[in-house]
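First comes the structure, then the notes that go with it.
The values are calculated or read from the model by the stated rules, or taken from the named source; none is laboratory data. If you're wondering where the values come from, they're calculated on a predicted model, not measured in any experiment. Don't worry about glycine lacking a Cβ; one is built from the backbone with ideal geometry, like all the others, and counts go over all protein chains shown.
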Amino acid sequence: MASLNVRAALVSVCLLAALLGLWEALNQPPAATEALTEFEILMGGVDQEARVPPPSQVAGRAWDELSNPFYDAGPNDKGIGIQLAYSLYRVLTGYFAAALVAIPLGFLIGMSPLMHKALNPFIQVLRPISPLAWMPLALFIIKDSELSAIFVIFICSIWPMLINTAFGVANVRNDWISVARTHELSQIKTAFLVILPAAAPTILTGMRISIGIAWLVIVAAEMLVGGTGIGYYVWNEWNNLDLNSVIFSILMIGLVGMALDFALGRVEKLVQYKE
Amino acid sequence: MSKPFVSIEQLAKIYTSASDELVVFEDVNFGIEKGEFVCIIGHSGCGKSTILNVLAGLDMPSRGSIIMEGKEIRGPSLDRGVVFQNYSLLPWLSTLHNVSFGVRARWPQWSKAEVLEHSRRYLEMVGLADSLQRKPSELSGGMRQRVSIARAFATSPKLLLLDEPFGALDALTRGVIQDELIKVWSETQQTVFMITHDVDEAILLADRILLMSNGPRAGVAESVKINIPRPRGRATIVEDPAYYKIRNYLVNFLVNRSGERKTGDSQAPTFIDPSISGVGNENSTNTETAALVAAN
């Protein structure tokens with residue numbers, strides 16, 4: 001009997017093959033029954049219907065794109081690598097700016113019941129707002145579409161990190177705080193030597209949720225602000241009616257999102273501890 | 001009479017709610033001499049842990065005060081080390097770093113090598129030389145408590161507070177660690193204040209046992225001197241003629257007399273020395289004791 005991993009991989013591969021096969025089979029243009037006139041060829045052959053391109057075509061497109069990912073042939077024709085790099089740059093900038101605000105603020109809220117009660121109403125009102133709802137206001141105030149997109153990432157990343165940090169800090173076991181107190185640790189030392197490592201797994205969980213949300217939001221934000229980025233690329237290729245590129249970029253969005261989650265997952269493992 | 005090393009004066013803990021107030025204990029008075037090993041025994045709810053927490057500076061009394069070396073205890077200090085019942089090790093640190101954490105806090109001017117060397121020495125003392133790099137989750141309950149004891153002793157506190165340190169351990173492990181505690185204590189001659197539920201453990205370890213009456217309105221009723229000569233061993237102590245006298249006296253108190261607290265005894269607890277014949281024998285029900293007493 002093969003190991004669980006091998007069997008799971010086998011099932012995955014079979015499912016993938018079945019899905020691709022079905023997709024391919026359902027999207028074949030009808031075969032020509034007679035020779036086409038010049039006019040018919042110009043009008044798209046006998047296939048009068050727009051079809052989702054089959055995986056074989058998408059794969060061809062992907063090969064073209066991936067073999068030269070960083071070309072830059074003008075504003076509307078950049079390689080997939082460049083587009084993804086723009087998106088990643090925005091996501092990471094907004095995300096780390098949010099972390100710089102959310103983690104210290106979360107510490108404050110977690111350590112001080114007063115601040116928790118005082119700030120909670122603001123958090124409860126601001127948190128459910130769709131990040132894209134901020135876009136018009138951000139564009140008006142910041143007057144820069146690039147920075148507005150980063151702001152939208154900032155505002156959507158902040159909440160899971162803030163709430164998780166506050167929760168993690170507030171729920172550090174009292175015994176550990178007692179240990180810090182009986183060893184006469186200062187507030188700062190207690191925060192760094194005891195509370196931070198104790199709350200780190202919870203904080204990292206928040207950071208992992210945040211990066212996922214940020215990557216979801218950047219696509220929509222870039223569709224709005226335009227210019228560069230993977231979101232803009234998807235929309236631009238839709239306008240070009242190039243469905244091959246649309247499908248290819250959807251897959252790339254998924255892969256990059258998975259990579260971001262994987263990276264945060266590794267960091268989360270590093271700070272994990274067993275009680 | 002000069003003040004003892006630690007002096008607990010008129011200590012009381014009262015929880016007040018809107019409707020009434022709950023007096024956990026009041027008028028608690030006793031002293032601890034330097035180098036003394038004092039155990040405190042009492043039924044659950046009498047406030048032993050609260051007294052220990054006040055001594056540690058982690059809790060505030062409602063009334064009264066604790067004076068240590070002429071200064072009132074206000075807040076925690078490295079002069080008072082605590083071993084908690086649930087070990088309270090930091091799970092993300094290795095055994096060695098759990099101890100060096102305390103050592104570094106105690107002597108911030110020491111070099112890294114000195115801190116680690118000192119920590120290692122105390123871990124060797126409790127028989128954990130082979131487990132320095134392991135995390136607490138990889139240790140058994142007994143080993144964790146040893147780390148906790150090493151951490152407390154390594155900072156050389158003037159007063160060591162043990163809150164039922166062996167309560168969660170099985171009887172065999174408990175015995176082994178009791179021996180280790182005796183060993184480390186006899187090497188360091190620290191002043192120790194320990195909570196326990198185990199009468200035998202108290203007799204084995206203590207110079208003096210404080211008996212608490214039941215809560216609410218609990219208090220320290222008696223102070224029982226244990227004059228069994230040291231070094232004591234778990235196996236040999238039962239052969240001491242005084243052992244069963246003391247044991248019966250303590251058990252008799254806990255079973256029959258802990259409920260009655262003489263009203264108005266707000267002063268120091270009565271001093272008892274059960275090994276002096278005539279004390280503690282009258283209620284003896286144990287035939288073994290009777291035999292021993294006869295042999296005397």
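Taking the numbered list (1) within 28 Å of B:Ile67 (Cβ to Cβ); (2) in contact (Cβ under 8 Å) with a residue 60 or more places away in the chain; (3) assigned to a helix (DSSP H, G or I) in turn, B:Leu161 passes all entries but (3). Residues in region A:166-189 that are within 34 Å of the chain's Cα centre (by Cα) and not hydrophobic (A, V, I, L, M, F, W, C) were compared, and the one that is nearest to B:Ser94 (Cα to Cα) is A:Arg173.
Can you confirm whether region B:180-199 contains a residue that is touching a residue at least 40 places away in the same chain (Cβ under 8 Å), basic (Lys, Arg) and touching a Leu at 6+ places or on another chain (Cβ under 9 Å)? Checked against the condition, which is being touching a residue at least 40 places away in the same chain (Cβ under 8 Å), basic (Lys, Arg) and touching a Leu at 6+ places or on another chain (Cβ under 9 Å), region B:180-199 yields no hits at all.
Please enumerate the residues belonging to region A:135-175 that are within 30 Å of B:Gly57 (Cα to Cα) and buried (at least 20 other Cβ atoms within 10 Å of the Cβ).
First, pick out the residues of region A:135-175 that are within 30 Å of B:Gly57 (Cα to Cα): A:165-175.
Once the filter is applied, which keeps residues that are within 30 Å of B:Gly57 (Cα to Cα) and buried (at least 20 other Cβ atoms within 10 Å of the Cβ), region A:135-175 yields A:Thr165, A:Ala166, A:Gly168, A:Val169, A:Val172.
Select from region B:13-22 the residues that are surrounded by fewer than 18 Cβ atoms within 10 Å (Cβ to Cβ) and either touching a residue at least 60 places away in the same chain (Cβ under 8 Å) or in contact with a Lys or Arg (Cβ under 9 Å, 6 or more places away or on another chain) (or both) and list them in ascending order.
So in region B:13-22, the residues surrounded by fewer than 18 Cβ atoms within 10 Å (Cβ to Cβ) come out as B:14-22.
Selection gives B:Ile14, B:Leu22.
Does region B:92-107 contain any residue that is more than 9 Å from chain A (Cβ to nearest Cβ), outside any helix (DSSP H, G or I) and farther than 20 Å from B:Phe166 by Cβ? Checking region B:92-107: at least one residue is more than 9 Å from chain A (Cβ to nearest Cβ), outside any helix (DSSP H, G or I) and farther than 20 Å from B:Phe166 by Cβ. Go through region A:23-51 and give me each residue that's surrounded by 10 or more Cβ atoms within 10 Å (Cβ to Cβ), modelled with pLDDT of 75 or more and assigned to a helix (DSSP H, G or I). Within region A:23-51, A:Trp23, A:Glu24, A:Leu26 meet the criteria. Consider region B:48-76 and keep the residues that are crowded, with 16+ Cβ neighbours inside 10 Å and in contact with a Gly (Cβ under 6 Å, 6 or more places away or on another chain). The one that is farthest from the other protein chains (Cβ to nearest Cβ) is B:Lys48.
Regarding B:Arg121, is this residue crowded, with 23+ Cβ neighbours inside 10 Å and either within 14 Å of chain A (Cβ to nearest Cβ) or in a helix (DSSP H, G or I) (or both)? Break it down into steps so the answer makes sense when it comes.
Working: crowded, with 23+ Cβ neighbours inside 10 Å: no; either within 14 Å of chain A (Cβ to nearest Cβ) or in a helix (DSSP H, G or I) (or both): yes.
In short, no.
Only one of A:Ile250, A:Ile209, A:Ile203 is within 14 Å of chain B (Cβ to nearest Cβ), in a helix (DSSP H, G or I) and among the hydrophobic types (A, V, I, L, M, F, W, C); which? It would help to see each step written out before you state the result.
Details: A:Ile250 fails: within 14 Å of chain B (Cβ to nearest Cβ); A:Ile209 fails: within 14 Å of chain B (Cβ to nearest Cβ).
Answer to the check: A:Ile203.
In the condition set (1) more than 11 Å from chain B (Cβ to nearest Cβ); (2) touching a residue at least 24 places away in the same chain (Cβ under 8 Å), A:Leu147 is compliant with all but (2).
Within region B:169-192, the set of residues being out of contact with any helix residue (DSSP H, G or I) (no Cβ under 6 Å at 6 or more places or on another chain) and either within 14 Å of chain A (Cβ to nearest Cβ) or assigned to a loop (DSSP other than H, G, I, E, B) (or both) comprises B:Asp170, B:Gln189, B:Gln190.
Among (1) touching a His at 6+ places or on another chain (Cβ under 9 Å); (2) more than 21 Å from B:Arg208 (Cβ to Cβ), which single condition is B:Ile41 missing? For B:Ile41, the failing item is (2).
Select, from A:Leu20, A:Leu88, A:Leu114, the only residue that is in contact (Cβ under 8 Å) with a residue 12 or more places away in the chain, farther than 30 Å from A:Ala138 by Cα and assigned to a helix (DSSP H, G or I). Break it down into steps so the answer makes sense when it comes.
On the way: A:Leu88 fails: farther than 30 Å from A:Ala138 by Cα; A:Leu114 fails: in contact (Cβ under 8 Å) with a residue 12 or more places away in the chain.
A:Leu20 is the lone residue from the list that is in contact (Cβ under 8 Å) with a residue 12 or more places away in the chain, farther than 30 Å from A:Ala138 by Cα and assigned to a helix (DSSP H, G or I).
Taking region B:217-261 as the range and being in a loop (DSSP other than H, G, I, E, B), farther than 23 Å from B:Glu9 by Cα and in contact with a Leu (Cβ under 8 Å, 6 or more places away or on another chain) as the test, the residues that pass are B:Arg232, B:Arg234.
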